[in-house]
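A.B. asks: This is the structure I have questions about; it appears just below.
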Amino acid sequence: MTEAGVRTASTPDGGAHPVPDWQPLQPQTLVDHAIEAIIAGAAAGLILPGDRIVEVELARKLGVSRVPVREALRLLESQGVVVSEPYKGIRLRPVTNERVADLIEARIALEASATARAVAAGRNRGSHLDALRAAVAEMELMAARGSAYGVAVADTRFHRELCRLGGNSVTLDLWETLAPQCTIIFGLATFGKPMAGVVEEHVDLLAAFEAGDIAVIERTLDEHITVMNHAMDYEAIVAQRRKERDAP
């Protein structure tokens, strides 16, 4: 071993060349924690779509300097979670029913493709389902605790795993660009329907995926993502949450 993360191997001519080695996991940075806190606050309704995010105030609430908060907001802006407007500052991206419909259209295309590929490759059975089952179990636990953010994170984890099982890294990368926004939407959804209902939808989707009938999977996926979300009035949910939050 010549340095951290690099070892050497001999070559036929007696020389040596570097060979990549495992790298130790790095602890989360303050920026990572700030990003997680902002998304958690949005999913739980502490900050609502359209709310202004004041860097110095958020840093004070999180107990950190402004530097990691500034970097976190910059990264979240690149992911579409927050928007920066001249003379208006940074705001949590507004959630409109039209915006949710656009996200749904993108998600259904990605996840339908991923699940079909996963079934074709036989990755819808046995141990391949362990991560999906774990996500559902976590969702059940968070629902029992009444944690909107916990349910949202487990929901995101479930759908990320569906895309991963598809085996197309580009599909997964595209889905990841939507994941932070989806986590916030998932959290808001828990204020419009019982958390137990959210869990049940994923139990049904997991069962359909394991059974492997593509038509049934597509129908169940469409019911879960498209029909259920179109039945939600996200603008009304945000307005009601704001009214409750700002009540004297």
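The values are calculated or read from the model by the stated rules, or taken from the named source; none is laboratory data. Here the structure is a predicted model, which is why all the values come from computation and not from measurement. Neighbour counts run over all protein chains shown; Cβ positions are idealised from the backbone, glycine included. Just so you know, the surface numbers come from the protein's heavy atoms only, side chains and all, with ligands and any DNA or RNA stripped out. Shrake-Rupley method; radii C 1.70, N 1.55, O 1.52, S 1.80 Å.
A.B. asks: Loop by DSSP (not H, G, I, E, B), at most 14 other beta-carbon atoms within 10 Å: where is the longest site-free stretch of the chain for chymotrypsin sites (Phe, Trp or Tyr not before Pro)?
C.D. replies: On the way: sites that count: TRP22, TYR87.
Here the longest segment lacking exposed loop sites spans 88-248.
A.B. asks: Between segment 185-238 and segment 144-161, what is the C-alpha centre distance in whole Å?
C.D. replies: So the separation of the two Cα centres works out to 13 Å.
A.B. asks: When ligands, DNA and RNA are left out and all protein chains stay put, how many square angstrom of accessible area per residue does the chain have with a 1.4 Å probe? Write down the numbers at each step before the final one.
C.D. replies: On the way: 13280 Å² over 248 residues.
Here the residues of the chain average 54 Å² of exposed surface.
A.B. asks: Under the classification rounded if a/c is under 1.5, otherwise prolate if a/b is larger than b/c and oblate if not, where does the chain fall, given a ≥ b ≥ c as square roots of the Cα gyration tensor eigenvalues?
C.D. replies: Working: a/c = 2.13, a/b = 1.16, b/c = 1.84.
Cα axes put the chain in the oblate bin.
A.B. asks: Next question. May I ask you to give the percent of accessible area on segment 171-248 that is carbon plus sulfur, with a probe radius of 1.4 Å? Intermediate values should be presented prior to the final figure.
C.D. replies: Details: 2180 of 3780 Å².
Summing carbon and sulfur atoms, their accessible area is 58 percent of the total for segment 171-248.
A.B. asks: How much of the accessible area of segment 32-162, probe 1.4 Å, is carbon plus sulfur, in whole percent?
C.D. replies: Whole-percent figure for carbon plus sulfur exposure: 52.
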